[in-house]
Every structure is written in C-alpha cells, then in structure tokens.
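The values are calculated or read from the model by the stated rules, or taken from the named source; none is laboratory data. It should be emphasised that the depicted structure is a prediction, and the values quoted were computed from it without experimental measurement. Here the Cβ positions follow ideal geometry from the backbone for every residue, glycine too, while neighbour counts run over all protein chains shown.
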C-alpha cells in the first residue's frame, strides 16, 4: 500500500511485530528510546511509544519504570496462535493432518521429540 506522499506503508501489525521481536531478543526490559535505536529506522519516538501503549493495552507487554518487556516469548505466542486455529474449527484432525504434511523433515523430527517428551511427563 502507498500513502499520500508516495511512500510504501507497512502491513497492519508489522511495526508491533518488529517491536515485540526487539523486546524478545533483549536481555531485559527496554526503554522506548532503546527500542527506537534497535529498530534502526526513521521512526519518531512518539510512534514507538504509541506502539508500546497499544501492545500494553493488548496485554502483550508489561511496563515498569518506563521500561517494557514482552509478556510471552515468541514460542508461547506461536503456540497460542496454533491453539486458536484449532479452536476455530471442529475439524481438528484435518487441520492437524494438513499442518503435519507441510512440515520439513527437521520440523517433523522436532514434533515427534516434543510428543515423546510430553508423553513421558504424563
């Protein structure tokens, strides 16, 4: 999409995803200024702060002393999205079958290892 000044616009949620990626890769909570610098883009401080406020309202980040941290890690967030996809349809078997058939060999091995580990914990 192109804006009124002829510049390419980001896809919806792209900036939120980028901010979360910066926070998840950090050793600890970050300030908006640190996030702004890590993104390496020409973003105004207010833009970064607005995105952080939105993420906080959604429960995706926490704020303490003007520093922000993600509530969930990337893996936990992805697992939540996978559970939501399953919950969106009664055809769980079909969804899982299509998911599994699209896995690479390495991904299939990782899934088998995760299933084995899950069975052993029960």
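If we keep just the residues of segment 53-76 that are over 15 Å from residue 31 (Cβ atoms) and touching a strand residue (DSSP E or B) at 6+ places or on another chain (Cβ under 8 Å), which is surrounded by the fewest Cβ atoms within 10 Å (Cβ to Cβ)?
71
Residue 112 - would you say it is exposed (fewer than 10 other Cβ atoms within 10 Å of the Cβ) and without any contact (Cβ under 8 Å) to a residue 60 or more places away in the chain?
The answer is no for residue 112.
Checking the conditions here, which among 41, 67, 112 is under 15 Å from residue 18 (Cα atoms) and more than 18 Å from the chain's Cα centre (by Cα)?
Going through 41, 67, 112 in turn, just one is under 15 Å from residue 18 (Cα atoms) and more than 18 Å from the chain's Cα centre (by Cα): 41.
Quick one: is residue 104 over 30 Å from residue 27 (Cβ atoms) and at pLDDT 90 or above?
Here the answer is yes, as residue 104 does meet what is asked.
Only one residue in 104, 25, 89 is surrounded by fewer than 12 Cβ atoms within 10 Å (Cβ to Cβ) and within 19 Å of the chain's Cα centre (by Cα). Which one?
25
Please verify whether residue 37 is modelled with pLDDT of 90 or more and surrounded by 15 or more Cβ atoms within 10 Å (Cβ to Cβ), treating the condition exactly as stated.
Answer is no for this residue.
Look through 8, 14 and report the one residue that is in contact with a strand residue (DSSP E or B) (Cβ under 8 Å, 6 or more places away or on another chain) and modelled with pLDDT under 90.
8
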